[in-house]
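Q: This is the structure I want to talk about, given as C-alpha cells.
What follows draws every value from the coordinates through simple rules; no lab data is involved. Owing to the predicted nature of the structure, the values given are computational and were not obtained by experimental measurement. Counting neighbours? That spans all protein chains shown, and the Cβs are built from the backbone with ideal geometry, glycine included.
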Amino acid sequence: MSANSAFTKLDGLNRRLEAIEHAQSMLGVDEAVMMPVGGGEKRAETMGVLAGMYHEMATAPEVADWLGDAEAEPLDEMQKLAIREFRRVHTNMTCLSADFVRKQVNARIRSEQLWRELRPSGDWKTFLPAFEGVVATAREEAQLRADVLGLSPYDALMEQFDPGNRVADVAPVFADLKLFLKDFIPKALARQEEKLAARPLKPLNPPYAIEKQKALGLVMMEAVGFDFDHGRLDVSHHPFCGGVPTDIRMTTRYTEGEFITSLMGIMHETGHGLYEQNLPHEWTHWPVGRARGMAMHESQSLFVEKQIARSPEFWEWAMPHVREKLGAEALEGWDLEDVLAHVHLIERGLIRVDADEATYPLHVILRFELEQQLIDGSLAPRDVPEAWDAKMREYLDLSTIDNMRDGPMQDVHWPSGAIGYFPSYTLGALIASQLWSAIERDLPSVREDMRNGRFVGLNEWRREKVWQQASKYAMPELIQRATGEKLNAKHFEEHLTQRYLR
C-alpha cells in the first residue's frame, strides 16, 4: 500500500485511536485498583475529555471519505475484512455526537463512583438520582442508535456488545432455557441432597492467608497459559479483566474464610486474559483484530472456569498444588470427591458472580428482562427494587426487598451504563459448552491431558479456531466455523445433565 492510499490513512488513524484506548483502559484500571477517593472528580473529567477526543477523531468527516476510497482499492482478503468491520464500527460511532459522548461518559463515571461508595451500605435512595441519570442517557443513546441502524432501541444497545444479537433470537433461547432450568434445578438439588446425606460436605479449614491464595492463583494462571510478561493480577471491589492485549490487567477479590470463590474468579478472568493475549497482534489496532463481542469473550472466561477449572480432571492435577501453596492443612483428610462436592455445589443464592453454573443463567435472564423494560420506559429506575424482588422470588425463591446491596446494587454494569451486556454472559455459557463438545471430538485425549496439567492442546485448538479469528466473522459464523454447527443450547443442557445428574 502506498503512503497516500486510503487504507494507509485508516491504518494510521487506527493506531492513534488505539493509543487513546490504551490510555483510557489504564486510567480505568487505576481507578478501580489504586485511585484514592478524592481523585474521582478529576478522573471523570479526564475520561470524558479522552472519550470526546476519541470520538471526534474516529468520526471526523474525512474518515467516511477514506472508507469509501479504501473499499475501491485493491485489497487482500484480510484488508477487505478490516475495512468491512471498520465500516460497521464507524456507522455505530457516527450515531452519537461528541457532545453526547462527553455527557454520557461523565454521567456513567460519576454514577459508578457513587455506586462504589454506597454499595456496601445498600443506600439505594442516595444512589437513585445518579442511576436515573444513567438510564436517561442510555435511553437517549438507544434511540439515537436505533434511528440510524434501523433496529429497536434495546437491540441497538445489544449490538454494541454483541454484533448481531437481537431480542427476537435471544429471548426464545432464554425462555426455553428457563423452562429447562426450572425442571433441572430441583432434580439436581435433590440428587445433591442424597449425595450429601451419604457423604456430608466437609468444612473448609480457614483462615486462608490472602498472600497464599494469590500465590496459588498465579500458579494456576501460568499453568493454563497466561503470559505474565504481558499481564498481572491485582485486587479490586469487582473482579475484571482490562488493559490491552500486550498489557492485560486482571483483578480478583479474596476472603480468608474460603479460597474456592476467589480461585474460580481468577480462572474466569484468566479466560478473558488468554483471549486478549492471543488475538492477532498485527491487527489489534483495527476493529477486525479485536475480540468478537462479549458473548464470545464470556465463552472464553466461562470455558476456563467451568469446562476446565470445575472438572474432576483439573482437580486431580490441582490438589497437590493447593496443598503446596495453602499449606498441608488446607485440604487435610480430603479426597477428590470432597473437593468436587464444594466445586459442584448448587445453591439458590442472591449474588450473580457467586452463583453456580446451574442457577447463574436465571440471574442473567432476570437482568435481561428488566433492562429491556428500563430502555422501553415500562420500568422506572425507582421501581427496580420491587421488580427485581418479584423475579428473584419467581426464579430462585429468594427475596431482596430489604437488601439493595445484594439486589439491584450488586453489579457494576448498570451504574456504569453497560445496558445490553447481560445476555452475553449466558450466551457465553452456551458457546463454551459447544466449544468443549467440539474439542472432545477433535482432541480425544483432552481429559487425560488436563489430568496431567497439560493445557497446550486446548489452547492451540482455541487459538486456531477462536482467538486468531478475532472479528473476521459475525458471531454465528465464527461458532459455525469453530464447531461445525450453529449455536445449539443442547450442549449446555447436556453439560449440566452429565455433571449433576449422571
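Q: Quick check: Cα centre of region 182-237 to Cα centre of region 39-94, how many Å?
A: If we compute the Cα centre of each part, the gap is 41 Å.
Q: Any chance you could run the full-extension gain for Thr46 through Ala98? It's 0.36 nm times the residue separation minus the Cα-Cα distance, nm to one decimal.
A: Extra length available between Thr46 and Ala98 comes to 17.3 nm.
Q: Along region 305-320, what does the Karplus equation 6.51 cos²θ - 1.76 cosθ + 1.60 (θ = phi - 60°) give for ³J(HN,Hα), rounded to whole Hz, x for Gly and Pro?
A: Those phi angles translate into 6, 8, 6, 8, 6, 10, 8, x, 5, 4, 6, 4, 6, 7, 4, x Hz.
Q: Hey, can you grab everything whose amide H is under 5 Å from the amide H of Gly231? Only 5+ residues off in sequence or another chain; H modelled, so Pro and N-termini drop out.
A: Ile248
Q: Follow-up question, since we're still on this one. How high is the FRET efficiency between Asp30 and Val167 when r is their beta carbon distance and R₀ equals 41 Å, given to the nearest 0.05?
A: So, using R0 = 41 Å, E works out to roughly 0.70.
Q: Using Cα positions and a limit of under 17 Å, work out the lysines in reach of Lys9, with same-chain residues fewer than 8 apart set aside.
A: The reachable lysines, counting only those whose Cα sits under 17 Å from Lys9, are Lys80.
Q: By how many degrees, between 0 and 90 and to the nearest 10, does the Cα long axis of helix 124-149 differ from the longest principal axis of the chain?
A: It is inclined by approximately 50 degrees.
Q: Sticking with this one: Order the peptides 490-497, 417-424 from the highest to the lowest mean number of other Cβ atoms within 10 Å of their residues.
A: Ranking, from highest mean packing down: 417-424, 490-497.
Q: Additional query: With an 8 Å cut-off on Cα pairs and a minimum separation of 6 or more residues, tell me the relative contact order of region 6-161 in percent.
A: Reported as a whole number, the value is 24 percent.
Q: Still on this structure, I have one more. Return the subset of Lys187/Lys391; Lys182/Lys391; Lys306/Lys490; Lys306/Lys472; Lys214/Lys325 for which the Cα-Cα distance in this structure is over 18 Å, preserving the input order.
A: Violating the 18 Å limit, Cα to Cα: Lys187/Lys391; Lys306/Lys472.
Q: Here's something else I'd like to know. Would you mind checking the tilt of helix 6-33 against the longest principal axis of the Cα atoms of the chain, expressed as 0 to 90 degrees and rounded to 10?
A: 40 degrees
Q: Would you compute, from DSSP H runs of 4+ residues alone, the mean residue ellipticity of the chain at 222 nm, taking -39500 (n - 2.57) per run and dividing by the full residue count, rounded to the nearest 500?
A: Roughly -20500 deg cm²/dmol at 222 nm, from the helical runs in the chain.
Q: With contacts defined as alpha carbon pairs under 8 Å and 6 or more residues apart, what's the relative contact order of the chain in percent?
A: Rounded, it is 19 percent for the chain.
Q: I want the local charge near Gly39. Using Cβ-Cβ distances under 11 Å, sum +1 for each Lys or Arg and -1 for each Asp or Glu among the other residues.
A: -2
Q: About the Cα centre of the chain, how large is the charge dipole given +1 on each Lys and Arg Cβ and -1 on each Asp and Glu Cβ? Please answer in debye to the nearest 20.
A: Here the chain has a charge dipole of around 300 debye.
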